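The values are calculated or read from the model by the stated rules, or taken from the named source; none is laboratory data. Just so it is clear, the structure is predicted and the values come from calculations on it, not from any experiment. Note: ideal-geometry Cβ built from the backbone for every residue, glycine included; neighbour counts use all protein chains shown.
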Amino acid sequence: MNFIRMIIAFLLFIALNIYIFVRGWQAIPDKSMVHVVYTVIFLTASLAIFIAVLAGNRLPLWMTCLLDIIGGYWMILFVFLFSAVLFADILRLANYFFGIFPQWVTANYAQVKTIYLVAVLALLALISLTGFAAFASPHITRLDINTGKITPSEKELTIIAASDIHLGNLIRRDRLTKWVELINSQKPDVIVLAGDIFDHSMRPVESQEMYRELSKLKARYGVFAVPGNHDYYAGIDKAVKYMEMSGITVLRDEVVTIDSSLTIIGRDDMTNRKRVSLDYLIVRADRSLPVMVVDHQPASLRESVREEADIHISGHTHNGQIFPYNRIVSKVYEVGYGYKKEGKTNIYVTSGLGLWGAPLRFGTRSEILMIRLINR
């Protein structure tokens, strides 16, 4: 069933790209060389991500990196291009039936189409600049949680949660260096990486020796991580070994207790269809302590609520990354982004520190979650 959905999505993507291509062809000046250049650019951009994913490991690393970046930008900007083309065709239909265009538009129709194309490209450039700013300046979201449990340690715990870092060709070592410094500056007691630490290949991670930066993450009681679906795409065994080499404790359906003050249940990603259920794991937890469940995809919130976990942290959604996807994820998941208290469970789904595709957000923002756990 998933394979069939993938095929349908792929064919739909191809069909929409053909639609955009034809409308773009009609909008540019009628000169053969311009059309040749346009065709080459369009084909390269629209096919780049597929070449990078399917053949990236057999290509030179620099070429894979370039294809990743070009293809990622196209996958994001494609949404806005499609919207612009669709809007133009709606206007064309409205003019056909109701004659809404002024006479000067009708008289200079070829030039108007070119002007519209230039305006769309200028708008995409503006979206790219503002979107990069929303990505490059992560917001620190602060959340105080009092579980009402009195623990042997009366100290407050500061927990930093970061999800969806997506290290690879797009999120490179220099960016990771800045994020590690930002996280460490919060002086956390515990750091939790909530999945998708890597993108879709370990090759660029290894070539940039990113373990040198990951190993600089510092927290009083350690750095913990759970896998995400992209860590499986990158090769889960290699990804886990790389994190462990970086001094990160990977929790795959495991339970750990922190300083007699907090129990962390780290769940394996749903990509592993054999992962154990939460009710099996939670019986191994000290329920007199606050219990925090970390699960990359926010599809299991009901389990945490049913088992009365005190905290549930997920990522995965990127809060849609760009409008209007942020509206869509809020319909797909019970909590697509943000905080919700359900029963005894404090739920937070983070928009993620990194992202996928292109380094831009529109209508969303990159974030680090800081939880101050009050033990009273």
Query raised in the report: Can you tell me which of Tyr73, Tyr96 is within 30 Å of Arg172 (Cα to Cα) and either in a helix (DSSP H, G or I) or in contact (Cβ under 8 Å) with a residue 24 or more places away in the chain (or both)?
Result: Tyr73
Report task. Take region 279-324 and flag every residue that is buried (at least 24 other Cβ atoms within 10 Å of the Cβ) and hydroxyl-bearing (Ser, Thr, Tyr). Result -> Ser304, Ser314, Thr317
Requested in this report: For region 349-364, indicate whether the set of residues that are farther than 17 Å from Gly228 by Cα, modelled with pLDDT of 95 or more, of a type in the set (Phe, Trp, Tyr) and in the same structural domain as Thr317 (by TED's automatic domain parsing) is non-empty.
Outcome: no
Report summary line: For region 173-193 the number of residues that are more than 12 Å from Gly354 (Cα to Cα) and either surrounded by 15 or more Cβ atoms within 10 Å (Cβ to Cβ) or in contact (Cβ under 8 Å) with a residue 40 or more places away in the chain (or both) is 11
**Report entry** Looking only at region 1-22, and only at residues there that are over 19 Å from Ile76 (Cα atoms) and not β-branched (Val, Ile, Thr), the one that is modelled with the highest pLDDT
**Finding:** Arg5
Requested in this report: Considering only region 324-343, state which residues are of a type in the set (Lys, Arg) and modelled with pLDDT under 95.
Outcome: Arg327, Lys331
Report summary line: Being touching a Phe, Trp or Tyr at 6+ places or on another chain (Cβ under 7 Å) and over 21 Å from Met75 (Cα atoms) narrows Leu369, Leu360 down to just Leu369
Requested in this report: Tell me, please, whether a residue that is buried (at least 21 other Cβ atoms within 10 Å of the Cβ), farther than 18 Å from Val192 by Cα and β-branched (Val, Ile, Thr) can be found in region 350-367.
Outcome: yes
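Step by step: first the residues of region 23-62, then only those that are aliphatic (A, V, I, L, M) and modelled with pLDDT of 90 or more, then the one that is farthest from Gly363 (Cα to Cα). Which residue is that?
Val36
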Requested in this report: Take region 75-115 and flag every residue that is over 30 Å from the mean Cα position of the chain (by Cα), of a type in the set (Ser, Thr, Tyr) and within 15 Å of Phe21 (Cα to Cα).
Outcome: Thr114
Query - Phe80, sole failed condition from (1) over 18 Å from Arg361 (Cβ atoms); (2) modelled with pLDDT of 90 or more; (3) hydrophobic (A, V, I, L, M, F, W, C) - result: (1)
Query raised in the report: Give me the pairs: first residue in region 232-259 and assigned by TED's automatic domain parsing to the domain that holds Val283, second residue in a loop (DSSP other than H, G, I, E, B) and of a type in the set (Ser, Thr, Tyr), beta-carbon distance under 7 Å, and six or more apart or on different chains, which are they?
Result: Tyr232/Thr271; Ala234/Ser201; Ser246/Ser215; Gly247/Ser215; Ile258/Tyr221; Asp259/Ser153; Asp259/Tyr221
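Going through region 301-328 one residue at a time, which ones are closer than 12 Å to Glu342 by Cα and either assigned to a helix (DSSP H, G or I) or assigned by TED's automatic domain parsing to the domain that holds Leu124 (or both)? Can you show your working first?
Pass one, region 301-328, residues closer than 12 Å to Glu342 by Cα: 301-312.
Within region 301-328, Leu301, Arg302, Glu303, Ser304, Val305, Arg306 meet the criteria.
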Query raised in the report: Somewhere in region 266-284, is a residue in a strand (DSSP E or B) and out of contact with any His (no Cβ under 7 Å at 6 or more places or on another chain)?
Result: yes
Requested in this report: Look through Ser83, Ser46 and report the one residue that is free of Cβ contacts under 8 Å to residues at least 24 places away in the same chain and not assigned by TED's automatic domain parsing to the domain that holds Leu355.
Outcome: Ser83
Report summary line: Residue pairs within 7 Å by beta carbon, gap of at least six or interchain, first lying in region 338-365 and in a loop (DSSP other than H, G, I, E, B), second basic (Lys, Arg) and surrounded by 23 or more Cβ atoms within 10 Å (Cβ to Cβ), listed first then second, are Leu355/Arg361
Report task. Please find, within region 125-172, the residue that is nearest to Thr364 (Cα to Cα) out of those that are among the acidic types (Asp, Glu) and surrounded by 13 or more Cβ atoms within 10 Å (Cβ to Cβ). Result -> Asp164
